[in-house]
Amino acid sequence: MPYINYENKEISFKIVYYGPGMSGKTTNLVYIHKMLSDEIKGDLITLDTEEERTLFFDFFPLDLGNIAGYRVRFNMYTIPGQIYYEASRRLMLEGADGVVFVADSSPIRFDYNIMSYQMMEDNLRSYDLNPREFPSVLQYNKRDLSEAIELGSLESELGIGTDSTLGAVATQGEGVMETIRMMSKMVIEQFEL
Amino acid sequence: MEPTALEDMTMHQVLANLVEDSRAMMALLITKEGTVIEEAGDTSMLNTTAMAALIAGMFSATREVARMVGEKQFSILLQQGEQRHIHISLVTDSTMMVIVFEDYKIIGRVRLKARQYGEHLIAGLSRQQRNRSEKDEVPVSQFKEYALNLIDQIFTANEK
């Protein structure tokens, strides 16, 4: 449910990039930020550890403009992927309107993807959200790996549908804008008062 | 002209009065998801959008710490710097107030005013919900149509 400020006529949606450590969540966000024109985006805030992996979150606001009399904003977040940041990961999902799960296509990361996805579902349930009905996109990142896992293999293991799955090579920008477009549309389509 | 009574003020006016009365630099009212609801005072020196997102994250993290020690949450957070300090307090379960001030000697005054004006903000927030007229309602189907078009325009450009 987005935050609606009736006094100032603003609607804010929250989109969160979720996934295991090093799967490319920040790379997705950085690419989107780079591609958008200056007039509609705010500064990209990244809070990194010394190892340059996301400790807390990355964030930037995107101003969609004025729609039906309301100023509409998408606040884009990533969560920290590392196992030991479970607490902050759950917190970032609070108030989320949609989630992009960035999976790592490397075969040795298969288990991490499954574990992280199940954790995401648990996190959503902790906010009384049904993960199977919540707007979500599954992005298979790193499709340029020579032995990338098959598209659909994670969904089979997780027992979920494949309607909103995409392949990507975030370091080259492939599939990144397509993913955020699909996510944004799902969020808007689910919008109700 | 008669000065506006506190209960008739907009939330922006309440926040502006709080800044003046407490001698702070600026104040923000934000949601726990990190969205700015209102701001007042001199906010030119900082990025309030990013600040709201960071403070909301900080407050959430502190809430988890509170739970670890058997508290539901800590209702006040104070960040003391060398020249600037931040007082963060819960206004309702889903909103918080952030006050940035310079002279640490006024901390007592800031706390007092935060509490006093916080009550008016609570009243303002519930009034805002109550007084929502039909003209304020978002025309959902029209909204969706325009938004979907805009999304195509924004995210299709530069696609790889």
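The values are calculated or read from the model by the stated rules, or taken from the named source; none is laboratory data. Bear in mind that the values here come from a model prediction, so they are computed numbers and not experimental data. All Cβ positions, glycine included, derive from the backbone under ideal geometry; neighbour counts span all protein chains shown. Just so you know, the surface numbers come from the protein's heavy atoms only, side chains and all, with ligands and any DNA or RNA stripped out. Shrake-Rupley method; radii C 1.70, N 1.55, O 1.52, S 1.80 Å.
Shape analysis of the range A:96-193 places it in the oblate category; the axes a ≥ b ≥ c from the Cα gyration tensor give an a/c of at least 1.5, with a/b not above b/c. Comparing B:VAL138, B:VAL91, B:VAL69 in a Gaussian network model of chain B, where Cα atoms under 10 Å apart are tied by springs, the biggest mean-square fluctuation is seen for B:VAL138. Bridges between two residues of chain A, per DSSP, are antiparallel at a rate of about 45%.
Would you work out what percent of the accessible area of chain A, with all protein chains in place, is carbon or sulfur (probe 1.4 Å)? Using a 1.4 Å probe with all protein chains present, chain A comes out at 47 percent carbon and sulfur. If Lys and Arg each add +1 and Asp and Glu each add -1, what is the summed charge of the other residues whose beta carbon sits under 15 Å from the beta carbon of A:SER146? Cβ neighbours under 15 Å give a net charge of -1. The smallest convex shape that holds all Cα atoms of chain B, its convex hull, gives 203 Å³ per residue. Over chain A, with a Gaussian network built from C-alpha contacts below 10 Å, which listed residue (A:PRO20, A:PRO61, A:PRO107) shows the highest mean-square fluctuation? Of the options given, A:PRO107 has the highest mean-square fluctuation.
Take the accessible area of A alone and of B alone, subtract that of the pair with a 1.4 Å probe, and the total buried over both chains is about 4200 Å². The angle separating the long axis of helix A:25-35 from the principal Cα axis of greatest extent in chain A is about 50 degrees.
Sparsely packed loop sites in the range B:92-151 (the trypsin sites (Lys or Arg not before Pro) outside DSSP H, G, I, E and B with at most 14 other Cβ atoms within 10 Å) comprise B:ARG132. Legend: residues A:ASP38, B:ASP42, sorted from most to least accessible area (1.4 Å probe; ligands, DNA and RNA excluded), read A:ASP38, B:ASP42. Computed from the Cα positions only, the extents of the range B:17-109 along the three principal axes stand at 36, 27, 22 Å, in decreasing order. Shape index of the protein assembly as shown: Rg/Rh, with Rg the Cα radius of gyration and Rh the Kirkwood radius from the inverse mean 1/r over Cα pairs, equals 0.99. Solvent-accessible surface (1.4 Å probe) assigned to B:TYR104 amounts to roughly 70 Å².
The dipole here belongs to the protein assembly as shown: it is taken about the Cα centre, uses +1 on the Cβ of Lys and Arg and -1 on the Cβ of Asp and Glu, and is about 620 debye. Site-free segments of chain A were taken between GluC sites (Glu not before Pro) in DSSP loops having at most 15 other Cβ atoms within 10 Å, sites themselves excluded; the longest one is A:53-132. What separates the Cα centres of the range B:71-130 and the range A:113-166 is a distance of 40 Å. For the range A:1-44, just say rounded, prolate or oblate: build the C-alpha gyration tensor, square-root its eigenvalues into a ≥ b ≥ c, call rounded for a/c under 1.5, and beyond that prolate if a/b exceeds b/c, oblate if not. It is oblate, given that a/c is not under 1.5 and a/b is not larger than b/c.
The calculated 222 nm mean residue ellipticity attributable to helices in the protein assembly as shown amounts to -12000 deg cm²/dmol, summing -39500 (n - 2.57) over DSSP H runs of n ≥ 4 and dividing by all residues. Per-residue mean of foreign Cβ neighbours for B:5-14 is 1 (Cβ atoms of other chains, 10 Å radius). Using the alpha-carbon atoms, what tilt in degrees (0 to 90, nearest 10) does helix A:176-190 show relative to the longest principal axis of chain A? Relative to chain A, helix A:176-190 is tipped by roughly 60 degrees. Shape class of the range A:9-190 from the alpha-carbon gyration tensor: rounded, with the ratio a/c of largest to smallest axis under 1.5. Using a cutoff of 8 angstrom between alpha carbon atoms and counting only pairs six or more residues apart, the relative contact order for chain A works out to 24 percent.
Using the Cβ-Cβ distance between B:GLN129 and B:GLN153 with R0 set to 51 Å, the FRET efficiency works out to roughly 0.95.
Computed with a 1.4 Å probe over protein heavy atoms only, the accessible surface of the protein assembly as shown comes to 47 Å² per residue. Accessible surface comparison of B:HIS87, A:HIS33, probe 1.4 Å, protein chains only, largest first: the order is A:HIS33, B:HIS87.
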